[in-house]
Each structure stands twice: as structure tokens, then as C-alpha cells.
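To keep things clear, I will list the structure first and then write my remarks on it.
The values are calculated or read from the model by the stated rules, or taken from the named source; none is laboratory data. Since this is a predicted model, take the numbers as computed values, not measurements. Note that we place each Cβ from the backbone using ideal geometry, even for glycine, and neighbour counts take in every protein chain shown. Note: accessible area is taken over every heavy atom of the protein model, side chains too, but ligands, DNA and RNA are not part of it. Shrake-Rupley method; radii C 1.70, N 1.55, O 1.52, S 1.80 Å.
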Amino acid sequence: MEAATDHTHTLTIEGLTKSFGRVCALDRVSLSADREFLALLGPSGSGKTTLLRVLAGLETPDAGEVCFGGEDYLAIPARQRRVGMVFQHYALFRHMTVAQNVAFGLEVRRGRDRPMDAEIRRRVSNLLDLVHLEGLDGRYPAQLSGGQRQRVALARALAIEPKMLLLDEPFGALDAQVRRDLRRWLRDLHDRAGVTTVFVTHDQDEALDLADRVAILRDGRLVQIGGPQSLYDDPASAFIYDFLGPSCRLPGVVAAGALRIGDWTVAAPSGAPSGEVDVLFRPDEVDFVPAGGVAVLVRAVAARGSELRIDCEAGGQMLELRARQPAALGPARVAPRRFKVYPRTA
């Protein structure tokens, strides 16, 4: 007999729509997740935080459905959704100790929903161990570093034993080094907690490094969703290609199965659109070649660690390339090792 499928952590969103006046923040967004780490990635105003706030019960959509664990989540009051939420600026209670902050969600429960005091102390102690803050239970938020405060916020969100963890740019107020240090720790925490995690960020590296899948939003619409490597290798549009990392762009023309970029002609990739196109490639995926390739004029060369930053001009456009091989100032030719071709945008 086949075992029953466990849907207790399955999130399903169908046709979610939300407007603020004339601004459409979410436009028929549909996606699903099940015990995975899902990153919502996009520029400011793309709808990421609005979607998170709908899941948390802090916003009511105009249309659409949200189901979690087989239940109509929109019909459940926010306090009963078993959701843990972490904000960018911690939102800790300054007058409470670390232990009191972590215990807060349990202390305010009423009646039989409130654990016994001994159970609350046990759970707080275990969570502080989990987030590597053991021994700091008696300190106040002002006595902690930014990274430690964010760990307290995560422990507090986990104290209520949530089925879903919502993270709204949780590392946004931290410096770059602390952000990098906390990335893998957060991923490990997700794996151990066994919850569905939805993580909002505008940092491409964070999303690609942490998530099982990445959902890219633009102007309230879901424009692509997939695994980090598949998204990076095969962006659905020039916008997504640009957004996922450093890129170089040159105009080209596709005709009769050939792609022409300046005075360089190569076979057009399979499925390339005909006519005027934009050719995009990563600045570190090019070779300087003696023949073939695109004619450029090298304007400047500067060392950046083991790489060289090479500023070039190609057909009146400036390109910033990255290479390990030296390049002399003056005329040269470069050939992208791989590139993507998209319809020309205005």
C-alpha cells in the first residue's frame, strides 16, 4: 500500500493579486513550495515584501488563493497561522533580555495553548544553543552585535514552532562580511528546523547561494522560477540575465541562421530570435583572441586581486571585462565563451 503524502508544509499560491490605489503590487502570482528554501528576488517595488506580508496575514489580497497544509490560509487569523517572521531591523524588545525576547511568543499565549514555565525555559535554552547564542540569555539587545541580534530574532520566530518561516531581508542591516558569515548558517538552520522558508532579498548572490529555488518578480509579476543554477545558466529574458549578475551587452543581428556582432559573424544559437537582438555575456567569460571575435579598443587595465579589470570600447559602447590574462592598451579582439541572445529592447 502506498504511503500517504505529507502536505502539512505545502504552500500553494494561485492568482494572488494586490493593489494599493493605482499601483499593482502583485499581479496574478502563482507558485508553490514544500519544506524548501524559496527565495523571492527582484528590484525594489517588484512585490516581494507584499507577497510575504500576505502570507503573514499583514495584508489582505484583492484576489487569489493561498493554501498551506491543505487549509485556506486567507481564512485563518494571522495569530493562528503558525508563521514565524523575521524583519530586516530585528524588531526586538529593547527592555527585554535575550531569553525574554525569544520566549515572548510563548508567554503571550492563553489558556491551554501556553506551555508550562519549565517548558518555555527548556525551549528557549534549546533555541539559543541552536542559534549559537548560549550563555547570552541575560543580555539585552543593545549589548549584542547586529549579527547576534538577528540570531535572536530568528530564535524568537522559531520558538512558536512555526510550519513556515518568513524572512524579510533579514541581513539587510548587516555589513557584507557578517552577511556572508550568516548565509550558510541560515541554510543549515532551515534544514534542521524542517520548515518551509520564504526569504525576501534583493541580493542576487544571497538568493542563488541559499535557495532551493528562486522566484524572480518584476512589477508585481512572477517572471521566472527555478533552481539557482538553471536560472543563472538560462535566464528567460535580458532583464533576468542582467539582474542575476554582472553582464555585458552588445547589439547584434540574426539572419539566415547567423549572428552578426559588429564585424564578427558566428552561427546563431538554436532558438535565437530573428532580426535585431541583444547579445549578453558575463564579463569573466571572454577570451582575448588573435583573430575572430568582436573588435574592441582597450582603454584601461587595472588589477583586482587575481583578476584584471579591463575597460574596453566596442562600437561606441563601454564594456568592463574581467580576465586573468594580460591585455595591452589599444585595438584587440574578444570572443565570449558563451552568450545569450534576446530580442532587442528599446
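Where in the stretch 105-215 are there helices (runs of 4 or more DSSP H), lying wholly inside it, with at least 3 residues that are surrounded by fewer than 16 Cβ atoms within 10 Å (Cβ to Cβ) and at pLDDT 85 or above?
Values: elements: 117-130, 146-159, 176-193, 204-210.
Qualifying helices (runs of 4 or more DSSP H): 117-130.
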- If we only count strands (runs of 3 or more DSSP E) wholly inside the stretch 243-329, which ones have 2 or more residues that are open to solvent by 70 Å² or more (accessible area, probe 1.4 Å)? 264-267, 294-304, 317-323
- Of the numbered conditions (1) over 22 Å from residue 85 (Cβ atoms); (2) modelled with pLDDT of 95 or more, residue 242 fails exactly one; give the number of that condition. (2)
- Query: Within the stretch 219-234, is there a residue that is surrounded by fewer than 19 Cβ atoms within 10 Å (Cβ to Cβ), part of a loop (DSSP other than H, G, I, E, B) and among the hydrophobic types (A, V, I, L, M, F, W, C)?
  - Reply: no
- Message: When the residues of the stretch 56-91 are narrowed to those that are more than 24 Å from the chain's Cα centre (by Cα) and not small (Gly, Ala, Ser), which ends up modelled with the highest pLDDT?
- Response: 62
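If you go through the stretch 46-91, how many residues are among the hydroxyl-bearing types (Ser, Thr, Tyr) and more than 30 Å from residue 140 (Cα to Cα)? Full working, then the answer.
Narrowing the stretch 46-91 to residues among the hydroxyl-bearing types (Ser, Thr, Tyr): 46, 49-50, 60, 73, 90.
Those left that are additionally more than 30 Å from residue 140 (Cα to Cα): 46, 50, 60, 73.
Selection size over the stretch 46-91: 4.
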- Task: Output the number of residues of the stretch 54-67 satisfying the condition of being within 14 Å of residue 15 (Cα to Cα), open to solvent by 30 Å² or more (accessible area, probe 1.4 Å) and assigned to a loop (DSSP other than H, G, I, E, B).
- Result: 2
- Item | Set 31, 40, 51: member being modelled with pLDDT of 95 or more, assigned to a helix (DSSP H, G or I) and within 24 Å of the chain's Cα centre (by Cα) | 51
- Output the number of residues of the stretch 1-18 satisfying the condition of being modelled with pLDDT of 95 or more and either open to solvent by 50 Å² or more (accessible area, probe 1.4 Å) or under 15 Å from residue 217 (Cα atoms) (or both). 6
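Give the residue, chosen from 102, 86, 124, that is in contact (Cβ under 8 Å) with a residue 24 or more places away in the chain, β-branched (Val, Ile, Thr) and under 26 Å from residue 12 (Cα atoms). Quick ask: steps written out before the conclusion?
Details: 102 fails: under 26 Å from residue 12 (Cα atoms); 124 fails: under 26 Å from residue 12 (Cα atoms).
Testing whether each residue is in contact (Cβ under 8 Å) with a residue 24 or more places away in the chain, β-branched (Val, Ile, Thr) and under 26 Å from residue 12 (Cα atoms) leaves just 86.
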